[in-house]
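Have a look at the structure below before the remarks.
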Amino acid sequence: MDRRDFLYKSLLLLPAARVASAESLDLHEATLADLEQGFASRKFTARSVAEWYLERIASFDKNGPKVNAVIELNPDALSIADALDRERSAKGPRGPLHGVPVLIKDNIDTADRMTTTAGSLALEGSIAARDSAVAERLRAAGAVILGKTNLSEWANFRSTHSVSGWSGRGRQTLNPYALDRNPSGSSSGSGAAVSANFCALAVGTETDGSVTAPASTNGVVGIKPTVGLIGRAGIVPISHSQDTAGPLARTVRDAAILLGAMADPGKDYVKFLDPQGLKGARLAVERKFFGANAEQDRLMEQCLAEMKRQGAVLVDPANLPSHGKYDEEELEVLLYEFKTDLNKYLGALSPAARVHSLADVINFNRDHAHEEMPYFEQEIMERAEKKGPLTEKAYLDARAKCVRLSRAEGIDAVITKFKVQAIVAPTCTPAPLNDFLLGDPNLPACTTPAAVAGYPHITVPAGFVRGLPVGISFFGTANSEPVLLKLAYSFEQATKARRRPTFRPTAEIG
């Protein structure tokens, strides 16, 4: 029995709650409103809810289909839930997250008995000296941090032939809709976990597509907010110009609540949700992200037709003029910033840590190649290590070009020219097969424009292609989260496209 299996069994052997036992509950697809109603009526407690999710994880994540979305459980989860139950009885709830179990990605620091490793064996055993900004906000809101999720190691910035959802420490996360399919990444475990009902909510991080792509591929809502809206302290970095944490949830409303808790406790994003939000809205359709799959295209046309039925005006096509013109520059920026930002993060770790620089990580991986590099190597890390400081002209020129082409000559140009509120496109393709020989295929996704611009992007379940979920995206200019939430909620309410996964061995092909 390894450490993680021991923690699962130990947590579940602790005394059961008195008000309601986990066995008496059915929290499949439970929303925050459902949980709040149950807490208020004393149908259940924070402890019994946490126990239900722990049992769900034990049955479906490490046994049964073995989704492998959770990399570590919080050994203090049930005692935290007990304390929050006592606080609710004495003072009332702090808010809608009081007692709610949340899973967070394993590149987000927590100053507790859990480690933060970015999925790498090089950081195994590393415990943060203080909470990340995200963890601080979640705890202040009364959330129960149930554990941490597996991810594409180092947030998928290690190899050009990586398999999303694989890490040296956590191994491979599976897609809960078809277990031979990829969950996308790098927030693979967060997307799979919230979809499979291993938690009420999950937190991921995105540099380019790492929240929105796994949200789409796992059939949930994902929000990549404006960069800087959520504090980035205490997150294992790739790029300070593009990194951000973001919520994953089964509904737009729940994602909006989690976004508010992480960004600004005084910000009420729920008030922007309007079932009639598409009525009169002008939307630009970005056609360059269509064409990867005929069945998906037909589904997207149905989605666009539904938006029209809801009263939206579609400008179609309204393509980004700078599409594909800064891909090389984006990578150049990320290589430079990864070296600088990761060295700063690792350099602040305890002297007892195994690694304190990117060079140390590269050497560790070489020394432990059997465990860390059985399928793909670390050519991206090696390229980043050769970069100089952020004062170099190559970096400054690349970043300036990225900003110009993604903003003024990209998203902002489309919104201004066509007088639209947002841009609409397919988020990404249905999930590909896990391929440990060739790695992830290079499939189209609409994540790059908003990622490079640092602008917000929301994906919502749109339907299914051969049993595999796909999402539709709304993205816009800086700080347009209220507009995007309004549009996404209206679409969600009109379509109700999400279906919970059934852990099929393969997709519905044949």
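The values are calculated or read from the model by the stated rules, or taken from the named source; none is laboratory data. Because the structure is a prediction, the values reported are computed rather than measured. Note: ideal-geometry Cβ built from the backbone for every residue, glycine included; neighbour counts use all protein chains shown.
What to note about this one:
- Check on A118, touching a residue at least 12 places away in the same chain (Cβ under 8 Å), small (G, A, S), touching an Asp or Glu at 6+ places or on another chain (Cβ under 6 Å) and not in a strand (DSSP E or B): no
- One residue from G228, G246 being closer than 18 Å to Y489 by Cβ, touching a residue at least 40 places away in the same chain (Cβ under 8 Å) and not in a helix (DSSP H, G or I): G246
- Exclusive hit being buried (at least 24 other Cβ atoms within 10 Å of the Cβ) and closer than 18 Å to V452 by Cβ, set G228, G222: G222
Per-residue answers, yes or no, for (1) among the hydroxyl-bearing types (S, T, Y); (2) over 23 Å from the mean Cα position of the chain (by Cα); (3) more than 30 Å from A111 (Cβ to Cβ):
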| position | (1), (2), (3) |
| --- | --- |
| S210 | yes, no, no |
| L258 | no, no, no |
| L273 | no, no, yes |
| L278 | no, yes, yes |
| Q302 | no, yes, yes |
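- Residues located in the stretch 369-417, provided they are in a helix (DSSP H, G or I), surrounded by 19 or more Cβ atoms within 10 Å (Cβ to Cβ) and not β-branched (V, I, T): E372, M381, A384, Y395, A398, R399, K401, C402, L405, S406, R407, G410
- Selected residue (criterion: farthest from L123 (Cα to Cα)) from residues of the stretch 142-171 that are outside any loop (DSSP other than H, G, I, E, B) and among the hydrophobic types (A, V, I, L, M, F, W, C): V144
- Lone qualifier among K267, K271 - being touching a Leu at 6+ places or on another chain (Cβ under 9 Å), without any contact (Cβ under 8 Å) to a residue 12 or more places away in the chain and surrounded by fewer than 24 Cβ atoms within 10 Å (Cβ to Cβ): K267
- Unique match (being in contact with a Leu (Cβ under 6 Å, 6 or more places away or on another chain) and at pLDDT 95 or above) among G165, G92, G142, G125: G142
- Scanning the stretch 298-338 for residues that are of a type in the set (A, V, I, L, M) and either free of Cβ contacts under 8 Å to residues at least 24 places away in the same chain or assigned to a helix (DSSP H, G or I) (or both) gives L299, M300, L304, A305, M307, L331, V333, L334, L335.
- When L84, L97 are checked against the criterion of being modelled with pLDDT of 95 or more, in contact with a His (Cβ under 7 Å, 6 or more places away or on another chain), within 18 Å of I257 (Cβ to Cβ) and not charged (D, E, K, R), a single residue qualifies: L84.
- The stretch 445-469 - residue that is in a strand (DSSP E or B) and within 17 Å of the chain's Cα centre (by Cα) and, of those, farthest from Y177 (Cα to Cα): H457
- Residues in the stretch 138-159 that are surrounded by 24 or more Cβ atoms within 10 Å (Cβ to Cβ) and either more than 16 Å from the chain's Cα centre (by Cα) or of a type outside the set (V, I, T) (or both): 15 in all.
- Within the stretch 58-81, residues that are in contact (Cβ under 8 Å) with a residue 60 or more places away in the chain and under 15 Å from P101 (Cβ atoms) reach partners that are crowded, with 24+ Cβ neighbours inside 10 Å and of a type in the set (K, R) with beta carbons closer than 9 Å, at six or more positions or on different chains, in the pairs V70/K148; E72/K148; L73/K148; N74/K148; L78/R47; A81/R47.
- Residue in the stretch 281-297 that is assigned to a loop (DSSP other than H, G, I, E, B) and of a type in the set (S, T, N, Q) present: yes
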